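Visitor: Below is the structure I would like to discuss, written out as structure tokens.
Readers should treat all values here as calculations from the given coordinates under stated rules, not as data from a laboratory. None of these values were measured; they are calculated from a predicted model. Using ideal geometry, Cβ is built from the backbone for each residue, glycine included, and neighbour counts are taken over all protein chains shown.
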Amino acid sequence: MRARERPPLTLQAFSEAAELAKTFVRHVLDKPRDTAVQTLTLLKDAGLKTGLVSNCTANVPSVWPGTPLARLVDVPIFSCSVCLKKPDLETYFLAWRRLRVQSRNSLYVADGNEHELTGASQAGLTPVLFRGSDEDPYDEGHDRKTWRESTVSVLLDVLNLIDN
């Protein structure tokens, strides 16, 4: 039996694939985790600054402004835009410099992919593991299995970690 021949790669095929990827990213970002909007709103209402540090492709910053979280995040840092990737310490330094806050006064809440919690700790931030229900079993560079520091299972619980 002969293997099926692949059609030639064309500019149209690449364009269609890129649009499909962008549509997927928009779909994912339009549906934030449960209580994410509520948690960020309460943090903002308390006068706190919020940031986002994301290892991502260019599709994310291209759709970010139209997402529900964009208005709640003061400083988004996208790896593809700054040419840095977690857990590189400079990624975290850039975030708190742009936020104009001191690292020792900052929480870093994340799912622990790509050793980001370890990196945040080394950068002087207070890392908090978010144990959501949709953990990525294929990410081998994570802190989840060995993390013994602060942990939350519901994003709203982050509010309990904030000093008044």
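Visitor: Provide the FRET efficiency to the nearest 0.05 for the E5-D30 pair, computing r from the beta carbons and using R0 = 25 Å.
Guide: With a Förster radius of 25 Å, E is 0.10.
Visitor: Give me, ordered by chain and number, the residues 5 or more places off V152 or on other chains with an amide H under 5 Å from its own placed amide H.
Guide: It is L129, F130, R131, by chain and number.
Visitor: Another question about this same structure. Among P127, Q102, G112, whose Cα sits farthest toward the positive end of the charge dipole of the chain (+1 at Cβ of Lys/Arg, -1 at Cβ of Asp/Glu, about the Cα centre)?
Guide: Q102
Visitor: Moving on to the next point. For region 35-47, take each phi angle, set θ = phi - 60°, evaluate the Karplus expression 6.51 cos²θ - 1.76 cosθ + 1.60, and give the result in whole Hz per residue in order, putting x for glycine and proline.
Guide: 6, 4, 4, 4, 5, 5, 4, 5, 5, 5, 4, 7, x
Visitor: Normalized C-alpha radius of gyration of region 49-110, against 2.2 N^0.38 Å?
Guide: Rounded to two decimals, the normalised Rg is 1.07.
Visitor: Among rounded, prolate and oblate, which fits region 15-90 when a ≥ b ≥ c are the square roots of the eigenvalues of its C-alpha gyration tensor, a/c under 1.5 means rounded, and a/b larger than b/c means prolate?
Guide: It comes out oblate by the Cα gyration axes.
Visitor: Let me ask something else about it. Based solely on C-alpha atoms, express the radius of gyration and the Dmax of region 34-161 in angstrom.
Guide: 13.8, 37
Visitor: Excluding S62 itself, what net charge comes from residues whose Cβ is under 12 Å from its Cβ, given Lys and Arg +1 and Asp and Glu -1?
Guide: Net charge in that neighbourhood comes out at +1.
Visitor: Compute the length gained on full extension between V154 and Q12: take 0.36 nm times their separation in residues and subtract their Cα-Cα distance, giving the result in nm to one decimal.
Guide: Answer, rounded to one decimal: 46.8 nm.
Visitor: Then there is this: What is region 34-161's relative contact order, in percent, from Cα pairs under 8 angstrom and six or more apart in sequence?
Guide: Worked out over region 34-161, it gives 22 percent.
Visitor: If each DSSP helix of 4+ residues adds -39,500 (n - 2.57) and the sum is divided by the residues in the chain, what number results at 222 nm, nearest 500 deg cm²/dmol?
Guide: For the chain, the value works out to -10000 deg cm²/dmol.
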